[in-house]
Each structure stands twice: as structure tokens, then as C-alpha cells.
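Participant: Mind looking over this structure? Questions follow.
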């Protein structure tokens, strides 16, 4: 590392390097913990499109300034969604770099608001048209319960979600072995769940984040409750 370089832990568990050239950043090896972790483009693409609509293309393009050379071909800096493809699997490390750049300089309250509003926009964009029509008429909390792992694995790998019903009108979701975990994505998943249960026809949906890997917990968990 060159003289004057400074290293900071990122929310995704990686390292942000300040005061070095782009070439030096590109030479940093991939994180061992993220080596096999991947994220599907679909939900992230919708989130980035919304993010660009809120703050403009220039802000979104700047998210790639710290992107290592090995990942640059995966993105289109001139596109509102950075050129992500819904069906393509992306290295979790590359997606974490984009998120870390997005969160740089934001306080905790602003980060949480971004996660909440972005999750709602991205989930509603995913559940649109015929997909929303089918979802609203076919999916119920009872049917969703045993399908949670299948749905999670469509967007994040590897990782296990155990969804149970500890009480009537209450679901508990616990995530384990999610090596591509990022605290911001984790928070977005919680807010997305609130939208999803509402789309299933549940009324008075609320929830609580119970624990997170980023806080030293052994796993991540949240609960969702509804009135009827």
C-alpha cells in the first residue's frame, strides 16, 4: 500500500482504502468470506433505478469510482441501473462495493430511511403487473412460510432462511450461513418483507428487527406481525 493510504472497515465487512490510486484498489484480492457469495441482479436493479430517479445519474455513476478493475465490465456507468440484468448472478463483493459507496458519509438515520424507502420502491417494482396480480391472489402467509427458502435463494446464495410461526399472525425469519450478508441489504430485506405481507392481503402489518450479524449476533432475525 502506498504512502498516506488509510484503511477503514466498511459496513459490508470489507475495506475501504482512501489515499491510493484506482490501480492499487483493483489489486486488492477478493475477500475470502465473499468468494462464493453472489446476488441476483433483479431486486438490486430496481433499487438502483429508483436511487437514480431520486438523485440523478451523476450520483449513481460515482458509485463505481472505487470498483476494482476485475468487476468493472459487469457495470454500465451510464445506465440508471448500472446495467444490471435481472437474471444474472453478481459477485456479492462487487455489490457490497456499490452499497458502501452509496452509504459513504450518511448518518445512521439517513441510511435507515434509504433502506426503508428503497426497499419499498424496489419491492413494489418487482411485484407489478401480472406478477402482482398472481401474487395477491395465490400467495398467502401460510403458503409463503414453506417457500421462504426457495424465494430467498432466488436472489441470494448461499444462505439459509428458517421461517416459523411462533404465534398466530406472526412470522419469525432467521438467516444463517449467509456469507454475502451486508447490514444494509439485511435491513432492506426486513422492509421488503413488510411490503410483501401487505401484498398478500395482510392488514396492519408491522415488524421488528431482532438481531444482525453486523452487531455481533450469530445470525440475523426479524419478525413480522399482522392483524388479520
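The values are calculated or read from the model by the stated rules, or taken from the named source; none is laboratory data. Here the structure is a predicted model, which means the values were calculated and not measured. Glycine also receives a Cβ, built like all others from the backbone with ideal geometry; neighbour counts cover every protein chain displayed.
Participant: Since residue 174 meets every condition but one in (1) surrounded by fewer than 18 Cβ atoms within 10 Å (Cβ to Cβ); (2) assigned to a helix (DSSP H, G or I), which condition does it not meet?
Facilitator: If we test residue 174 against (1) surrounded by fewer than 18 Cβ atoms within 10 Å (Cβ to Cβ); (2) assigned to a helix (DSSP H, G or I), just (2) comes out false.
Participant: Farther than 18 Å from residue 158 by Cβ, surrounded by 15 or more Cβ atoms within 10 Å (Cβ to Cβ) and either at pLDDT below 60 or assigned by TED's automatic domain parsing to the domain that holds residue 190 (or both): is that true of residue 16 in this structure?
Facilitator: It is true that residue 16 is farther than 18 Å from residue 158 by Cβ, surrounded by 15 or more Cβ atoms within 10 Å (Cβ to Cβ) and either at pLDDT below 60 or assigned by TED's automatic domain parsing to the domain that holds residue 190 (or both).
Participant: If you take the residues of segment 150-163 that are over 16 Å from the mean Cα position of the chain (by Cα) and surrounded by 13 or more Cβ atoms within 10 Å (Cβ to Cβ), which of them is farthest from residue 38 (Cα to Cα)?
Facilitator: Here the answer is 163.
Participant: Looking only at segment 67-82, count every residue that is under 11 Å from residue 41 (Cβ atoms) and surrounded by fewer than 16 Cβ atoms within 10 Å (Cβ to Cβ) and tell me the total.
Facilitator: 0
Participant: While we're here: Tell me whether segment 82-92 contains one or more residues that are touching a residue at least 40 places away in the same chain (Cβ under 8 Å), assigned by TED's automatic domain parsing to the domain that holds residue 35 and assigned to a helix (DSSP H, G or I).
Facilitator: Within segment 82-92, one or more residues are touching a residue at least 40 places away in the same chain (Cβ under 8 Å), assigned by TED's automatic domain parsing to the domain that holds residue 35 and assigned to a helix (DSSP H, G or I).
Participant: Does residue 122 qualify as being modelled with pLDDT under 95, in contact with a helix residue (DSSP H, G or I) (Cβ under 9 Å, 6 or more places away or on another chain), crowded, with 18+ Cβ neighbours inside 10 Å and part of a helix (DSSP H, G or I)?
Facilitator: yes
Participant: Does segment 178-191 contain any residue that is without any contact (Cβ under 8 Å) to a residue 40 or more places away in the chain and out of contact with any strand residue (DSSP E or B) (no Cβ under 8 Å at 6 or more places or on another chain)?
Facilitator: No, every residue in segment 178-191 fails to be without any contact (Cβ under 8 Å) to a residue 40 or more places away in the chain and out of contact with any strand residue (DSSP E or B) (no Cβ under 8 Å at 6 or more places or on another chain).
Participant: Now a separate question. Conditions first: (1) assigned to a helix (DSSP H, G or I); (2) at pLDDT 95 or above. Residue 76 passes all but one, so which condition is the exception?
Facilitator: Going through (1) assigned to a helix (DSSP H, G or I); (2) at pLDDT 95 or above one by one, residue 76 breaks only (1).
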